[in-house]
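Structure first, then comments.
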C-alpha cells in the first residue's frame, strides 16, 4: 500500500499501469481518482468505448466477482459503483458521438409495491457499460407502466426487479399481461432481486433469472445474439 | 426463565429449557415478547427455543436453521414455529408443510405485530419498520451491516426512497421511543410510533399453547 510520501501520480503512469491503478481505485470506490483516470485516458486519445470497457467495466467485473464470492459486501460494491458512475458521467455524452456499438434497448424497473432500487441501478449501469441503451422506470411500477414503456421505447428487453418476497409475485402479473396482449415473445424478460431464484424465474415465465448485474449483462448479450440469429434465420 | 440478553438472542439464540410438551421455535427477536406471554398466561407446558435473531439479515439461512433445530428437538408433543415468512420466499411454509407444524401467518413480524389485516390495508411501501427489538438493536441490524458507520454517505442510496420510520411498539417505553426516534433522524426519515402490543402474536401463541 502506498503511503503519503509515495503518492501515485496517475498522469505519470503508463496506459497499462493506469488501467491497473483504475481497477484498484474502482475497487476502493475512489470516484475522483476514477474521473481523473478517465480524463487522462481521453487526453491520451483512447476512444470512450475502450475506456468504458477496458478500464471501468473490467474493474467492475473484479468487484462483481468478489461480491459473488463473499469477499466484498454491499457497501463496498455501492462505493465502487459510485466511482464507476463518475467515470460513466464523463464518457456517456461522448459514447453517442463516437459510434459506440449498440447492443439493444432495455426497459427496467422495480415492481409495484417495492421501492428498492440498488440492484436495479447496478444492473442499469452495467448494462449501459456493456453498450445497451437503458430506460429506467424507477420504482413501484404498475403493469401498465411497463407495457407502455416497452411499446413506446421499442425495447428488446424487459428487466424487472424486486427485493421483497411480498412484491416479487407481481412480476408474474406483468408477464401474464404481456401474454394476454400477445406480446410476451416480442421481448426478452429478465428478472432479478435478492429473494428470487432460477426456479421462480422459470415458474413465472421469465426468460431468465439473473443473480447479479454481471450475470444480467451476460444473459442479455446471449439472448440478444440468439434473437438476432433467429431473425437472420427466418429472413 | 430469565430474559436473555439481546446480544445472546442476536448471535446465538436461546436453547430450550424446562420440561414442556410444546416447543415454540422462534426468532430471537421475539424472545422477550414470547417469554412475557408464557409468563402472563402461565403456560408451564410451553418451552421456548430461539434461533439467532441476526438471521433476519440473511433470510435464506432461516429455513435451513429451523430445519436443523426441528431435527434436534426431541420429546415434544408439538412444535410451533414462531416465524412469519420473514423473507424466506415460502421456504418456512414449505418446511412446516413437510413437518406438519404450524407457523404465524403473514410476511414478517411487522405485519403480525401491527395485525395482518391492518398492515396489509395500510400498504405503507415507503415505511421502514422497527419493533422494540429492532429499535434496541438498530446499530447491529441496520446501521453497521449496511456500512453506514463507515460510509454515512451511502444513506441516501439505501433510504432515499423511504419516507418514514414506523416504530411498532410492543411496550410503552419512553426511552426506547426516543431511541427509535433518533434512529429515524439518523436515516433522515420522518418518525411515527404505533403501539401494537403483541398484535397477532398473542393469538397465534394461544393456538400453539392450547
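Every read-out reported here was derived from the displayed coordinates using simple, explicitly stated rules and does not represent laboratory data. Here the structure is a predicted model, which means the values were calculated and not measured. So basically every Cβ, Gly included, is an ideal-geometry build from the backbone, and we count neighbours across all protein chains shown.
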Report yes if residue B:128 is more than 27 Å from residue B:89 (Cβ to Cβ) and in a strand (DSSP E or B), otherwise no. no
Considering (1) touching a strand residue (DSSP E or B) at 6+ places or on another chain (Cβ under 7 Å); (2) in contact (Cβ under 8 Å) with a residue 40 or more places away in the chain, say which one residue A:198 fails and leave the rest. (2)
Failed item, numbered, when residue B:139 is tested on (1) closer than 24 Å to residue B:181 by Cβ; (2) part of a helix (DSSP H, G or I); (3) within 14 Å of chain A (Cβ to nearest Cβ): (3)
Say we look at region A:39-66 and pick out the residues that are more than 21 Å from residue A:101 (Cα to Cα) and surrounded by 20 or more Cβ atoms within 10 Å (Cβ to Cβ); which of these is nearest to the other protein chains (Cβ to nearest Cβ)? A:63
